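Take this structure, written in structure tokens, and hold onto it; I'll ask about it next.
Quick note: the coordinates plus some simple rules give every number you see, no bench work behind them. Here the structure is a predicted model, which means the values were calculated and not measured.
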Amino acid sequence: MKRQPYAEVQAYRTKDGSEIRELMHPVIHGNRAQSLAEATVPGGKRTLLHMHKETEELYHVTAGEGRMTLGAETFAVSVGDTVCIPPGTPHCIEAVGPQALRLLCCCAPAYSHADTRLLEDNPDASPS
């Protein structure tokens, strides 16, 4: 598939707690080496601190304001900002204020739940 109409993309939750829409992913669309998703973090919320062993990510903010934790650094991000997240780097992002934070997330190789390692407990997870 060369074209993915946005209206046809179903959202799901990733391990880090963000709402994701896979705009292009090899498993779904047949592209080869990367994935592109739109992530939404509700106002006042943040993703769980996590890392990816293999995947390099690019975050590009399209709406809202946030605070990015990238390794030992924490810094503000806003519309138009792009952040490179190298493999093995702990990271999370928080939506600052009441507005949702939206960002495009490009992953190479493509996003995989198996490559996501949570570095903190998920308070919303069901007890096992």
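Largest first and in whole Å, what are the equivalent-ellipsoid semi-axes of the range 56-128 based on the Cα gyration tensor, each being the root of 5 times an eigenvalue? Walk me through the numbers before you get to the answer.
Working: eigenvalues 86, 58, 30 Å².
Equivalent-ellipsoid dimensions as semi-axes: 21, 17, 12 Å.
Right, next: Take the chain, connect every pair of alpha-carbon atoms lying under 10 Å apart with a spring to form a Gaussian network, then pick out the residue of H29, H50, H60 with the largest mean-square fluctuation.
Looking only at H29, H50, H60, the biggest GNM fluctuation is shown by H29.
Show that you can apply the helix-only estimate: for the chain, add -39,500 (n - 2.57) for every DSSP H stretch of four or more residues, divide by all residues, and state [θ] at 222 nm to the nearest 500.
Working: 1 runs with 4 residues, N = 128.
It comes out at -500 deg cm²/dmol, rounded to the nearest 500.
Evaluate 2.2 N^0.38 Å with N set to the residue count of the range 1-74, then give the Cα radius of gyration divided by it. Could you put the intermediate results ahead of the total?
On the way: Rg = 13.6 Å, N = 74, 2.2 N^0.38 = 11.3 Å.
Here the Cα radius of gyration is 1.20 times the empirical estimate.
Then there is this: Give me the lysines in straight-line cross-link reach of K53: C-alpha distance below 28 Å, same-chain residues under 8 apart excluded.
Within reach: K15, K45.
Just to be sure I understand: with springs between alpha-carbon atoms less than 10 Å apart, which residue in H91, H113, H52 has the highest mean-square fluctuation in the Gaussian network model of the chain?
Maximum fluctuation in the GNM of the chain, among the listed residues, is at H113.
Now a separate question. Given the Cα atoms of the chain, and with Rh set as the inverse mean 1/r over their pairs in the Kirkwood sense, what is Rg to Rh to two decimals?
Details: Rg = 14.1 Å, Rh = 14.9 Å.
Using Cα coordinates only, the ratio equals 0.95.
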